[in-house]
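Scroll down for the structure; my scribbles are underneath it.
The values are calculated or read from the model by the stated rules, or taken from the named source; none is laboratory data. Keep in mind the model is a prediction, meaning the values are calculated, not measured. A quick note on method: Cβ atoms are made from the backbone with ideal geometry, for glycine too, and the neighbour counts reach across all protein chains shown. What goes into the accessible areas is simple: the full protein's heavy atoms, side chains included, and nothing from ligands, DNA or RNA. Shrake-Rupley method; radii C 1.70, N 1.55, O 1.52, S 1.80 Å.
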Amino acid sequence: MKSSSLQKRLGLGLTLGMTLLWLGATVGAWLVVQHELNEAFDSALEETAQRILPLAVLEISNREEPAEAQHIATLKMHKEYLTYLVRDAKGEILMQSHDANPKIFNQQPSEGFTTTEKYRLYGASALRGTLFIEIAEPLGHRREAAREALFALLLPLLALIPISLLGTWLFVRISLRSVLAYRRAVEARGVGDLSPIKVAQLPAEIDPLADAVNHLLERLRKALEAERSFTANSAHELRTPLAATLAQIQRLRHEAPDGPLQVRAAKIESALRALARLSEKLMQLAKAEGGGLLSEAPQDLIPLLAHGVDEWNHSSGHRVELQLPAQPHVYSAIDPDAFGILLRNLIENALKYGAADQPVEVSLTGDALLRVINGGPAVPESVLQHLTERFVRGHSEISGSGLGLAISKTIAQGVGATLTLASPATGRKEGFEVSVQFCAHGQ
Ligand SMILES: Nc1ncnc2c1ncn2[C@@H]1O[C@H](COP(=O)(O)OP(=O)(O)OP(=O)(O)O)[C@@H](O)[C@H]1O
Ligand SMILES: [Mg+2]
């Protein structure tokens, strides 16, 4: 299952929750507001009727012909908001406001509040139920007020949703900063780095996890160290008895008369030499897998390289050609011993497996790319892929243990460099190329 982002989940969840709560609160508030508005409007309506009624009674009783309806003239023509009718008990209109439409009123005058489709009506009576006044107020006005109140309550939600999303996103991001730092610290680890991971102030929920990881790392480190020191110690312990046996067998070979005994002694001697080489390679591998591949101060690779190549040239009849960059120094944080082991294994291979009539080209560029190239038939891709594994060898008559490239690769990984094999060598039709890209250090 794909893991989902805590930030996204919290952002959406909190925003959704807040929106729902807000909507609930809005509905509640709106109902209360509507109720109060109705009450206020009703009381205004009632008040107006009570005010007009005595005036109307006075006016009508002063008339000469009381039965005639009268439109009340206004001082200025305007659209009336409240309209009223004054009728007698039979429903005859005695007086009406100038805009009043008799159709909107009840057939028979009645007292108290009534609601029709479009109007709210209020009726009151005077002179013992012989004179009625009714006032009509269009409902549209109340509805508009209620609608506006609803909008006023809902409008902030539009702004609140993005603010809540952004706020949660930012807040979670800030809160999880130490967790992200922890993740980066884990990601930035080199392969061989098993020291405890220290990150300040992790959240209480995650802190125990970090502790557990550190415990695990510690146990892993101890187990690996035990394994490594066993390899290194065994290889070291083998050295002396191997050397002693080798000396004995050499003496035996010299002393033995020519014949089958000589041949057998020579075979034992070469087997012992192979064994000594294997134990030497095992020690190198143990060192490559152990810590301490990085040096404290950046090392200048140029003198290290020149020295290494020189050593080989003395023993191999000057077949190694060295190409150095124009700049005087190339720094990288690799332990000089580890660099020596890496270089020795690569040059040894190139001399051993490369075409004997072609030189071995060793070059270093200004941005710390080391290349060892030799001639000879190209190695097929399928074989090439596995050569850096332990004890894997190509189809070769030449003896070897299959550890050289594994050692080189382990050292490269341990110092954060990348080792790549290529065959044929770049820009050639045949040959073999090993390139190691170190992390260059400016100094
Ligand atoms: N420069 C090279 N040119 C051609 N083939 C090579 C080269 N380097 C390595 N190989 C092939 O890769 C195989 C593995 O090399 P590696 O150095 O790991 O082991 P080895 O040389 O056989 O033994 P060891 O180095 O442990 O004594 C070799 O057997 C060889 O076939
Ligand atoms: Mg080798």
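Values as computed for the structure displayed
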item	result
Selection from the range 345-367 of residues that are at pLDDT below 95 and within 16 Å of V415 (Cβ to Cβ)	D367
Sole exception among (1) open to solvent by 60 Å² or more (accessible area, probe 1.4 Å); (2) away from ligand 2 (no atom under 16 Å from the Cβ) for F438, by number	(1)
Of the criteria (1) over 37 Å from the mean Cα position of the chain (by Cα); (2) within 12 Å of ligand 2 (Cβ to nearest atom), which one L364 fails	(2)
Residue check, S175 hydroxyl-bearing (S, T, Y) and farther than 30 Å from G13 by Cα	no
Residues of the range 279-317 that turn out to be at pLDDT 90 or above, of a type outside the set (A, V, I, L, M, F, W, C) and not assigned by TED's automatic domain parsing to the domain that holds A232, as a count	10
Pairs, first within 15 Å of ligand 2 (Cβ to nearest atom) and of a type in the set (G, A, S) in the range 367-394, second at pLDDT below 95 and open to solvent by 80 Å² or more (accessible area, probe 1.4 Å), C-beta under 8 Å, six or more apart	G376/Y353; G394/Y353
Exclusive hit being closer than 30 Å to E47 by Cβ, outside any helix (DSSP H, G or I) and either assigned by TED's automatic domain parsing to the domain that holds K103 or under 19 Å from the mean Cα position of the chain (by Cα) (or both), set E137, E144	E137
Neighbours by Cβ (under 8 Å, 6+ apart or cross-chain): first from the range 268-291, among the acidic types (D, E); second within 15 Å of ligand 2 (Cβ to nearest atom)	E289/T410
Test for S175: is it of a type in the set (S, T, Y) and within 36 Å of the chain's Cα centre (by Cα)	yes
Selection count, the range 430-443, where residues are in a loop (DSSP other than H, G, I, E, B) and either under 31 Å from the mean Cα position of the chain (by Cα) or more than 17 Å from Y353 (Cβ to Cβ) (or both)	5
Residue match in the range 200-214 (condition: open to solvent by less than 40 Å² (accessible area, probe 1.4 Å), without any contact (Cβ under 8 Å) to a residue 40 or more places away in the chain and β-branched (V, I, T))	no
The one condition in (1) assigned by TED's automatic domain parsing to the domain that holds T83; (2) in a loop (DSSP other than H, G, I, E, B); (3) not hydrophobic (A, V, I, L, M, F, W, C) that G123 fails to fulfil	(2)
Candidates A159, A223, A146, filtered to the one that is among the hydrophobic types (A, V, I, L, M, F, W, C) and surrounded by 13 or more Cβ atoms within 10 Å (Cβ to Cβ)	A146
Residue check for V330: at pLDDT 90 or above and under 45 Å from the mean Cα position of the chain (by Cα)	yes
